Amino acid sequence: MKVHQLLSGVGPVDAVTNQARAYRRLFGTWGWGGGDHAVHVDPRAGRDFSPLARLDPGPGDVLLFHYSAYAPRLAEQLGRPQRKLLVSHNITPARWFWEYEPMTAVQCTIGREQLPVFATGVDLAAGVSAYNVAELEAAGARDTAVIPILFDGSRLGAPGPAAPPGPPTVLCVGRLAPHKRHDLLIRAFALYRRERAPDARLVIVGEPLTPLFADAVRGLAERLAPGSVTFESMLSAEALGDRWRSAHVFLCLSEHEGFCIPLLEAFHFGVPVVARAAGGVPEVAGDAALLLDAEADLPTAAEALHLAASDGELRGELRRRGARRLETFAFDRSAARLREAVERVAGPQS
């Protein structure tokens, strides 16, 4: 069997790119061939991907679309006669991007408007979460499945101590983008630091949407919590693992998440989680996090940080629950869901 992956774009630290690479490694172990193609290929992404123009599938091949952004030439591939599988990673609504990156806002708007075209133009429409699948079904998908994110925590290294040394360290991992609400995160941290832990530190790891947005977030941090917030990006797996091992709490106040991979990273390292119950977060977190209502105020978030950082019994319970939750997203389980979906689309092979 040959499975060709089609993406709108690939980059060096892009989560969808990493998933496509993980898919390809599995396809190789299963004896499946095929190639990986994208409309836009960032030179920093290496040589694993070819331009979409080079796609030349055979009659019995499968086309696997990773849908995460609008790309004008991707929809054209739906007209090919091959069997097709869609994996939706979710497209963020545009309202968060207009102020800082209008072109991204336009792409998100068109991408979400085109979701019905993709949902109805493939043989099987899958999402990385049930939250994403619900969007696909609302867009008209007739046959759906959930293929959870392929997560392998071992690439980041082994967990550290249950109670890391040093002052309380709050960690946020994820793209530095408006919908992640780093502004609220910094305000909640500043309140926590002022009222509960004056020596607390905040580490924000993520590639910024634009320099303009990065400057705005850095400026807010310097005004509200001067000298206590560190920004990092483009970390190696080893360095990211070090940040997790030194963290006392993972905080996520994002307003839109299709899945939220850092939740699994936190569970792997036994780091207590405080997160907004938005999008796919409750589905992934289960009972292993302190989940805040969408309308939770900053004092509530700050107090949750304090409890997660200082209550040893609570930390131990969250650590145990996180380990159990991680079993739900075990790599082999997700891999089996992927293989089942591809074989379902491909049908009997001669």
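Positive end of the dipole of the chain (Cβ unit charges, origin at the Cα centre): among Ser236, Ser246, Gly34, the Cα lying farthest that way belongs to Gly34. In this structure the amide hydrogen of Cys252, modeled in the peptide plane, comes within under 5 Å of the amide hydrogens of Val274, Ala275, Arg276, none closer than 5 places in sequence on its chain. Among 158-165, 286-293, 266-273, the peptide with the highest mean count of other Cβ atoms within 10 Å heads the list, and the full ranking is 266-273, 286-293, 158-165.
In summary, the convex hull built on the alpha carbon positions of the range 153-328 has an orientation-averaged projected area of 9.0 nm². Full extension of the chain between Glu222 and Glu317 yields a length gain of 30.8 nm, computed as 0.36 nm times the residue separation minus the alpha carbon distance.
Explain nothing, just the number: dipole magnitude of the range 153-328 about its Cα centre with +1 on each Lys and Arg Cβ and -1 on each Asp and Glu Cβ, in debye rounded to the nearest 20. Write down the numbers at each step before the final one.
Numbers: 20 positive and 22 negative charges, 62 e Å.
Roughly 300 debye for the range 153-328.
Across the range 168-177, coupling constants 3J(HN,Hα) worked out from phi with the 6.51/-1.76/1.60 Karplus curve, θ = phi - 60°, read x, 10, 9, 10, 10, 10, x, 3, 7, 9 Hz, and Gly and Pro carry x. Each listed q (0.16, 0.22 Å⁻¹) maps to a log10 I(q)/I(0) for the range 55-182 from the Debye sum over equal C-alpha point scatterers, namely -0.91, -1.27. Expressed in units of 2.2 N^0.38 Å, where N is the residue count, the Cα radius of gyration of the range 1-98 is 1.06. This model, with +1 at the C-beta of Lys and Arg and -1 at the C-beta of Asp and Glu, gives the chain a dipole about its Cα centre of some 580 debye.
For the chain, the Kirkwood estimate of hydrodynamic radius, built from reciprocal distances between every pair of different alpha carbons, is 21.0 Å.
What FRET efficiency do you get for Leu235 and Arg142 if R0 is 35 Å and r is their Cβ-Cβ distance, rounded to the nearest 0.05? Display every interim value, and only then the final one.
Numbers: r = 41 Å, r/R0 = 1.18.
Efficiency, from the Cβ-Cβ distance: 0.25.
Remark: the Arg95-Arg155 segment gains 18.1 nm on full extension, using 0.36 nm per residue and subtracting the alpha carbon distance. Note down the Stokes-Einstein diffusion coefficient of the range 139-220 in µm²/s, whole number, using a Kirkwood radius over alpha carbon pairs, 20 °C, and 1.002 mPa s. Translational D for this selection: 134 µm²/s.
Add -39500 (n - 2.57) for each DSSP H run of 4 or more in the chain, then divide by its residues: what number comes out at 222 nm, to the nearest 500 deg cm²/dmol?
Numbers: 12 runs with 139 residues, N = 350.
It lands at -12000 deg cm²/dmol.
Please compute the Kirkwood hydrodynamic radius over the range 218-313, one decimal place, Å, based on all pairs of different Cα atoms.
When all Cα pairs of the range 218-313 are included, the Kirkwood radius is 14.5 Å.
Here the range 78-204 is treated with +1 on each Lys and Arg Cβ and -1 on each Asp and Glu Cβ, and its dipole about the Cα centre works out to around 240 debye. Here's how it looks for Phe65: its modeled amide H is under 5 Å from those of Leu6, Leu85, Leu86, Val87, which are all 5 or more places away or on a different chain. Name the most mobile residue of Pro81, Pro43, Pro102, meaning the one with the largest mean-square fluctuation, in a Gaussian network model of the chain with Cα contacts below 10 Å. Taking springs between Cα atoms under 10 Å, the residue moving most is Pro43. Computed 3J(HN,Hα) for the range 258-266, one whole-Hz value per residue from the Karplus formula 6.51 cos²θ - 1.76 cosθ + 1.60 where θ = phi - 60°, is x, 8, 5, 4, x, 4, 5, 5, 4, glycine and proline marked x. Residues Ser50, Ser154 in ascending order of nearby Cβ atoms (within 10 Å, fewest first): Ser154, Ser50.
The numbers here are math on the coordinates, done by the rules we state, and not lab data. Predicted model, so just to flag it, every value in this text is computed and none were measured. With ideal geometry, Cβ positions are generated from the backbone for all residues, glycine too; neighbour counts draw on all protein chains shown.
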